[in-house]
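Okay, so here's the structure we're looking at.
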Amino acid sequence: MPRLSVWFIRASLLYLLLGFLFGALLLAQKGISFYSPVWYIFPLHMEFLLMGWLVQLTMGVAFWILPRFSIGQSRGNKPLILISFALINAGTLIGILQFWFPVVLLIGRVSEVGAGIVFAAGLWRRVKPHGVL
Amino acid sequence: MPLLTRIFIKTAMIYLALALVFGILLASGVTNGLFPVYIHLLVFGWLTQLIFGVVFWMFPKYSVEKPRGSEALGWWTYALLNIGLLVRAIAEPIQSMQPNPFGGWLLVISAVIQFMAGLLFVVNSWGRVKEK
């Protein structure tokens, strides 16, 4: 497994833990209503599990297992994938600040769009038929 | 494919079908507490459980002696995920229609159990996410 995939997947595991923790707090709140402001973490529960866990895990696994090139850099343009790693995490984490600065939500989403585009650009040519070098 | 992976994936498929049935109920106007259950059957019961099974199967070996890490932790993850999700799927609609302390505490127990499933999965998988 390449180093960048390790970063993507380990980060996704951390988001999984945080997302599950937030979800557990929300479900418990539904059950016994111990602290109603806990509902403020609902957007983070969704963001961490969808973007942080599911999307980031698939990015890491795709970078690892998609067909490689026989010539040159075997996994394509690594700097682009590194940038997408930075952007997806910046976009996901910046959401924490949305309670105090609502505008950062928009900035975070733009960052996530950038991550998706850069990631696709970095991996595009690796989605290829067998035999293409 | 190891036994635990087969069980994870087949259980995930059952949740997929069940979630889609819940989708029919929602579209038919039956809404009492079902929407969050529908979402979690799909995202947790299907997607996440499928991923857990495939990760246990295909991620790099932990060691020669224990290629898939701790089998016991894997089974505990499976049990906790499914017990927690089933308890939620039963208790949440009931709690939304007729709130009562028993149903409320069932949701708390479900919350703790589901979190523990995630924690055990991460503990067991972390060491297998490594460079070749």
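Couple of notes before you dig in:
- Of the residues A:103, A:20, A:37, the one whose Cα sits farthest towards the positive end of the charge dipole of chain A is A:20 (charges of +1 on Lys and Arg Cβ, -1 on Asp and Glu Cβ, taken about the Cα centre).
- Calculated FRET efficiency for the pair residue A:34/residue A:69, C-beta based, R₀ 45 Å, to 0.05: 0.25
- Surface exposure of the range B:14-132, expressed per residue as accessible area with a 1.4 Å probe, stands at 51 Å².
- Normalised by the number of residues in chain B, the mean separation of alpha-carbon contacts (under 8 Å, six or more apart) gives a relative contact order of 29 percent.
- For residue B:126, the solvent-accessible surface with a 1.4 Å probe is about 90 Å², rounded to the nearest 10.
- Gaussian network model of chain A, springs between alpha carbon atoms under 10 Å - residue of A:57, A:80, A:106 with greatest fluctuation: A:106
- Highest-MSF residue in chain B out of B:34, B:25, B:85 [GNM, Cα springs under 10 Å]: B:25
- Here the gap between residue B:130 and residue B:54, fully extended at 0.36 nm per residue and compared with their Cα-Cα distance, gives a gain of 25.7 nm.
- The range B:3-126, accessible surface, carbon-and-sulfur percent (1.4 angstrom probe): 77
- Full-stretch length increase - residue B:112, residue B:21 - with 0.36 nm per residue and alpha-carbon distance subtracted: 30.1 nm
- Cut-off 14 Å (backbone N to label point 7 Å along Cα→Cβ of residue A:132), residues of the range A:57-99: A:66-71, A:76
- Average accessible surface area per residue within chain A, 1.4 Å rolling probe, Å²: 52
- When only Cα pairs below 8 angstrom with a gap of at least 6 residues are kept, chain A shows a relative contact order of 27 percent.
- Solvent-accessible area buried by pairing B with A, both sides, nearest 100 square angstrom, 1.4 angstrom probe: 2400
- Centroid-to-centroid separation of the range B:1-77 and the range A:18-84 [C-alpha atoms, Å]: 17
- Helices in chain B, meaning DSSP H runs of at least 4 residues, each add -39500 (n - 2.57). Divided by all residues, the mean residue ellipticity at 222 nm is -24500 deg cm²/dmol.
- Interface residues in the range B:25-52 - accessible area drops by 40 Å² or more relative to the isolated chain, probe 1.4 Å: B:51
- Ranked from largest to smallest solvent-accessible area, with a 1.4 Å probe on the protein heavy atoms, B:125, B:63, A:36 come out as A:36, B:63, B:125.
- Our note on the geometry: Cα centres of the range A:85-124 and the range B:82-111, 35 Å apart.
The values are calculated or read from the model by the stated rules, or taken from the named source; none is laboratory data. Note that this is a predicted model, so its numbers are computed, not measured. With ideal geometry, Cβ positions are generated from the backbone for all residues, glycine too; neighbour counts draw on all protein chains shown. The protein model used for the area step is the full one, side chains on, heavy atoms only, and it has no ligands, DNA or RNA in it. Shrake-Rupley method; radii C 1.70, N 1.55, O 1.52, S 1.80 Å.
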